[in-house]
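Heads up: the structure comes next, in structure tokens.
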Amino acid sequence: MKLKGEAELAQDKAADDAYKAAVQAQQEKRYDDANNLYMKALSIHPKDPAIAFGLGTMFQAKGDLDSTLQWFQSALDLAMLIPSSIRKRQ
């Protein structure tokens with residue numbers, strides 16, 4: 001198993017911080033801010049199904065069902081890329 005370097009750990013933290021801020025913005029109904037923050041997190045970790053799911057819930061809250069379905073499908077597709085041995089542990 002490869003250990004992460006400082007730069008990679010910093011990127012992980014940036015993605016996590018952006019995701020948490022997006023959730024907070026979404027709860028406060030600041031959807032434009034939430035969208036920008038989710039997209040920032042997704043730009044760092046494009047294969048993270050939790051981020052895609054968050055985008056789906058944000059669009060659902062906004063009433064944009066087409067985008068909701070698109071992001072939920074993306075979250076499902078990304079989740080299927082995670083090896084089953086890891087999915088079982090989560």
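Any read-out appearing in this document is the output of simple, stated calculations on the displayed coordinates, not a laboratory observation. Small disclaimer: the values here were computed from a predicted structure and weren't measured. Cβ coordinates were reconstructed from backbone atoms using ideal geometry, including for glycine residues, and neighbour counts include every protein chain displayed.
Worth a mention:
- Per-residue [θ]222 nm for the chain (sum of -39500 (n - 2.57) over DSSP H runs n ≥ 4, rounded to 500): -26500 deg cm²/dmol
- Low-density loop positions, trypsin sites (Lys or Arg not before Pro), the range 4-78 - DSSP coil, at most 12 other Cβ in 10 Å: Lys4, Lys29, Lys47
- Farthest toward positive dipole pole in the chain [+1 Lys/Arg, -1 Asp/Glu at C-beta], among Leu81, Ala34, Phe59: Leu81
- Building the convex hull from the alpha-carbon atoms of the chain and averaging its projection over directions returns 6.3 nm².
- Average Cα contact separation per residue, the range 13-81, under 8 Å, 6 or more apart, as relative contact order %: 27 percent
- In order along the range 58-63, phi translates into HN-Hα couplings of 5, 5, 5, 4, 7, x Hz, rounded to whole numbers, per the Karplus curve 6.51 cos²θ - 1.76 cosθ + 1.60 with θ = phi - 60° and x for Gly and Pro.
- Taking Met80, Met39, Met58 and counting other C-beta atoms within 10 Å, the order from fewest to most: Met80, Met39, Met58
- Taking every lysine pair in the chain that is 8 or more places apart or spans two chains, those with Cα atoms closer than 15 Å amount to 5.
- Placing +1 on the Cβ of every Lys and Arg and -1 on the Cβ of every Asp and Glu, with no other charges, gives the chain a dipole of roughly 380 debye about its Cα centre.
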